[in-house]
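The block underneath contains the structure these notes are about, expressed in structure tokens.
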Amino acid sequence: MKKKKFNFLSNIDPKIYVIFGIVLLLSFLFLLYQFFRHVDCENANYYIHADEYVVNRVIEFNDNTDGAKSWKWDFGDSTAIDNRQRTIHYYKRPGEYIVKLTINGNCTHEKLVTITSISQQTGYLPVIMAPDVAFVGDPVQFSAEKEGGESWEWSFGENASTDALAKSPVYRFKKVGDKKITLIVNGDVEHTAVKTIYVAPKTIKAKQKIDIESYEFEKPHSAFSLPQGEAQKDPLVDMLQYIPVSPKTKSKKDSLTADKKIPEISNEQFQILLNQVALQVKTKDDFKEYLCGKFDIPVVVNDEKLVPFDQFCQIITGKKIKISALRLNKNSRNCIQNINIQYKVKKWMMWIKE
């Protein structure tokens, strides 16, 4: 009698082979996905760069890690998460910030960034030498400590224009209050020195006391009287009867208001103010006097587009700009009617036209 051979595999349901094959295929696809998505967290290649880590200065963030597909930049100042591979950011306040970069959702890197205030960089900025308190009407001496300075532009905080161009000017304040003194050396508006002083009311010295010996008494009325004469008729009474009534003319005050010219501002001074708008030190309101209160004057930008002046100020605010040409067209009262400007913006370490 022959023994029957027992075949174990013949008793397995074919569906089990199919299920096993599907599981094996899915596992292979998952391993393949993890392989191409894998990032070596220890060898992440990213950098944070800026010319100066100061308030309101643009900082560049970039990641070149192999295999990176997604990014999350947390700048540490409670602003929104940025998901771009390469981006820029600026901080509004000085301090220490922890920047976190998350790559592909599983690799997180941290880096400490220290932001300082421009006014704290005394070793790099000009140092303004002036008293902390001054008095209205008294001469105040200003000077600066800065090596290699060839041009000096002082603003003493009482108007938006440049007040002096000497290295050590003298100025008399006209109003009481805190005054923000600014100094730009060699046209470098990015490193403007700032100092605040208080202008107090002018002190009034007491007059010398009057004693009885030095007091000069008033003379009697008779000393100034003329001898009394006969009454006479004033000849103007008859003359005024024949003078015709002339129409009312414009008052002197009205004519002075119509012909009054506003202060002159040069192209170079206007360019400095625009650079300060980009640095968020000035606003469009600082141009009110030169625009005669009209903020909607046309601005021709790079010979390509036309925008109102107030919108142009919003466009350049917070950006690093370089002005190559500027032309101001004024009327007879020195009011600026329109502006033609050529400028570039620094993006990703390059100067480009907007």
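The values are calculated or read from the model by the stated rules, or taken from the named source; none is laboratory data. Because the structure is predicted, anything quoted here is derived from the model rather than measured. Note: ideal-geometry Cβ built from the backbone for every residue, glycine included; neighbour counts use all protein chains shown. Note: areas computed on protein heavy atoms with side chains; ligands, DNA, RNA excluded. Shrake-Rupley method; radii C 1.70, N 1.55, O 1.52, S 1.80 Å.
Run down 21, 67 and say which single residue is open to solvent by less than 80 Å² (accessible area, probe 1.4 Å), part of a helix (DSSP H, G or I) and at pLDDT 75 or above. Spell out the reasoning first.
Working: 67 fails: part of a helix (DSSP H, G or I).
Matching residue, one of 21, 67: 21.
Of everything in segment 81-111, what is among the small types (Gly, Ala, Ser) and closer than 21 Å to residue 68 by Cα? Give them in sequence order. Hit for segment 81-111 is 105, nothing else.
Within segment 307-354, being exposed (fewer than 14 other Cβ atoms within 10 Å of the Cβ) and farther than 22 Å from residue 60 by Cα holds for 311, 324, 325, 327, 329, 331, 332, 333, 337.
Listed by first and then second residue, the pairs with beta-carbon distance under 6 Å, at least 6 apart or on different chains, first residue in segment 326-350 and outside any strand (DSSP E or B), second modelled with pLDDT under 85 and open to solvent by 50 Å² or more (accessible area, probe 1.4 Å), are 333/261; 334/261; 334/264.
Among the residues making up segment 183-200, those that are in contact (Cβ under 8 Å) with a residue 40 or more places away in the chain and assigned to a loop (DSSP other than H, G, I, E, B) are 187, 192. Every test in (1) charged (D, E, K, R); (2) at pLDDT 85 or above; (3) farther than 18 Å from residue 185 by Cα is passed by residue 254 save one, and that test is (2).
Restricting the search to segment 291-301, which residues are in a strand (DSSP E or B) and surrounded by fewer than 18 Cβ atoms within 10 Å (Cβ to Cβ)? Break it down into steps so the answer makes sense when it comes.
If we filter segment 291-301 for residues that are in a strand (DSSP E or B), which is where we start, we get 298-301.
Matches in segment 291-301: 298, 300.
Looking only at segment 274-290, residues that are surrounded by fewer than 19 Cβ atoms within 10 Å (Cβ to Cβ) and either more than 17 Å from the chain's Cα centre (by Cα) or of a type in the set (A, V, I, L, M) (or both) come to 2 in all. Here residue 304 does not qualify as exposed (fewer than 15 other Cβ atoms within 10 Å of the Cβ) and within 29 Å of residue 54 (Cβ to Cβ). Within segment 117-137, identify whether any single residue is more than 30 Å from residue 156 (Cα to Cα) and open to solvent by less than 80 Å² (accessible area, probe 1.4 Å), and answer yes or no. Looking through segment 117-137, none of the residues is more than 30 Å from residue 156 (Cα to Cα) and open to solvent by less than 80 Å² (accessible area, probe 1.4 Å).
The criterion of at least 2 residues that are among the aromatic types (Phe, Trp, Tyr) is met by the following strands (runs of 3 or more DSSP E) wholly inside segment 143-182: 152-155.
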